[in-house]
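The structure appears below as structure tokens.
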Amino acid sequence: MQIVSSLSDLRTARLSLEGKVGLVPTMGYLHEGHLSLVRQAKAENQHVIVTIFVNPTQFGPSEDLSKYPRDLERDLNLLRPLGVDVVWTPTAEIMYPPSYQTWVEVEALTKGLEGAMRPGHFKGVTTVVAKLFNATQPTKAYFGQKDAQQAAVIRRMVLDLNFPLEMVVCPTMREADGLAMSSRNKYLNEAERKAAPVLFRALSAAKEAYEAGERQVAALREKMMSMLTAEPLAQVQYVAFTDFDTLEEVELIQGKLLISLAVFFGKTRLIDNIVLG
Ligand code: PAF
């Protein structure tokens, strides 16, 4: 496994890879969710590149970039047994050199959900992902369904900017009690960690009602909110019912639906989602 940091070392490493290359972009502090993306990339390509970069431009001023968990040695130890060819760990100076002024922005798809709560977040995500794509030239790129809006936005960018690659979105990995795996789970104290699976329970209750024939969003919302508000440690920021493709809010479910939510447990903000239909 080659570990490179500079752009020129990355380019040299990339040139040595023949055949299909799978890219798994990450911000590090890897968990089983990331590793499942790496395994799928390994199964579908001759080579795998993993990038580890805590991208400053996708953090808002009130979001603590400096506190984002980092542990490169641990990440590398997790990646070594998986047969990863190259790990690229650029610095912020490499990605955003002085006088940097070029941005990639997806419009309508970034207006709601996470985009509404975290202004500027997706501009940072699409810009860095475009740069990662350009630098690593992957055949396929792997993302998790847990960040459903991110996946939709990057898919749009790939189409709109003609990136010659295939996007693969992999299922959310969950702990045994249903909590979606996330690097941010590390911030939860014991009581918050115990309370957090209420997110998946609420999403599952909506799924059950949908499968029993319920198509009114108001009924599903009520069911979910009554479960979420019964958990004193959960502070709901939003529960949204949107069309899977356009991410526009719906009231009556007719096609594929994305239910997504963002909930605070203390200072930790967790997101999760489920797709119906
Ligand atoms: O999902 C993430 O970890 C990040 O948003 C990504 C795609 C690596 C871009 O920084």
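Per-atom-type breakdown for the stretch 94-162 gives carbon and sulfur 50% of the accessible area (1.4 Å probe, protein chains only).
In the Gaussian network model of the chain, springs joining C-alpha atoms below 10 Å, which of 90, 164, 138 carries the largest mean-square fluctuation? So, out of 90, 164, 138, the one fluctuating most is 164. Summing Cβ point charges (Lys, Arg +1; Asp, Glu -1) relative to the Cα centre of the stretch 185-272 gives a dipole of roughly 420 debye. In plain terms, the chain from residue 91 to residue 134 could stretch by 13.8 nm, reckoned as 0.36 nm per residue minus the Cα-Cα distance. Where the accessible area of the stretch 205-260 is counted over protein heavy atoms with a 1.4 Å probe, how much of it, in %, is carbon and sulfur? Here it works out to 47 percent. The lysines whose alpha-carbon is closer than 21 Å to the alpha-carbon of residue 186, local same-chain residues fewer than 8 away aside, are 67, 146, 194, 267. As I understand it, the dipole of the chain uses +1 on the Cβ of Lys and Arg and -1 on the Cβ of Asp and Glu, about the Cα centre. Which of 4, 113, 225 lies farthest toward its positive end? Toward the positive end, the furthest listed residue is 4. Once the Cβ-Cβ distance of residue 107 and residue 238 is raised to the sixth power relative to R0 = 22 Å, the FRET efficiency obtained is 0.60.
Efficiency by 1/(1 + (r/R0)^6): what FRET value for residue 174 and residue 20, r their Cβ-Cβ distance, R0 = 30 Å, to the nearest 0.05? Rounded to the nearest 0.05, the efficiency is 0.55. Put a plus charge on the Cβ of each Lys and Arg, a minus charge on the Cβ of each Asp and Glu, and nothing anywhere else: the dipole of the chain about its Cα centre is then about 380 debye. Basic side chains Lys and Arg get +1 at the Cβ, acidic Asp and Glu get -1 at the Cβ, and with that the dipole of the stretch 32-145 about its Cα centre reaches some 140 debye. GNM on the chain, alpha-carbon springs under 10 angstrom: the most fluctuating residue among 204, 36, 99 is 99.
Considering all different alpha carbon pairs of the stretch 44-201, the Kirkwood hydrodynamic radius works out to 17.4 Å. Would you mind getting me the FRET efficiency between residue 212 and residue 77? Use the beta-carbon distance for r and R0 = 51 Å, nearest 0.05. Computed FRET efficiency for residue 212 and residue 77: 0.65. Taking a point 7 Å out from the Cα of residue 67 in the direction of its Cβ, the residues of the stretch 181-200 whose backbone N falls within less than 17 Å of it are 183-193. Candidate cross-link partners of residue 42 among the lysines, defined by an alpha-carbon separation under 20 Å and a same-chain spacing of 8 or more, comprise 20, 140. For the chain, the relative contact order comes to 17 percent (Cα pairs under 8 Å, sequence separation of at least 6).
Computed over the stretch 161-231, relative contact order equals 25 percent, with contacts defined as Cα pairs under 8 Å that lie 6+ residues apart. Shape of the stretch 124-171 from its Cα gyration tensor (a ≥ b ≥ c, root eigenvalues): rounded if a/c is under 1.5, otherwise prolate when a/b > b/c, or oblate? The shape class here is prolate. When each of the peptides 219-231, 124-136 is scored by how many other beta carbons lie within 10 Å of its residues on average, the order from highest to lowest is 124-136, 219-231. From largest to smallest, the equivalent ellipsoid semi-axes obtained for the chain from the alpha-carbon gyration tensor read 33, 20, 18 Å.
Keeping every protein chain present and rolling a 1.4 Å probe, give me the accessible area per residue for the chain in Å². Per residue, the chain has 48 Å² of solvent-accessible surface.
The values are calculated or read from the model by the stated rules, or taken from the named source; none is laboratory data. What you see is a predicted model, and the numbers here were worked out from it, not measured in a lab. Cβ sites come from the backbone with ideal geometry, for glycine too, and all protein chains shown count toward neighbours. When the accessible area is computed, the model is the full protein with side chains, heavy atoms only, and any ligands, DNA or RNA have been set aside. Shrake-Rupley method; radii C 1.70, N 1.55, O 1.52, S 1.80 Å.
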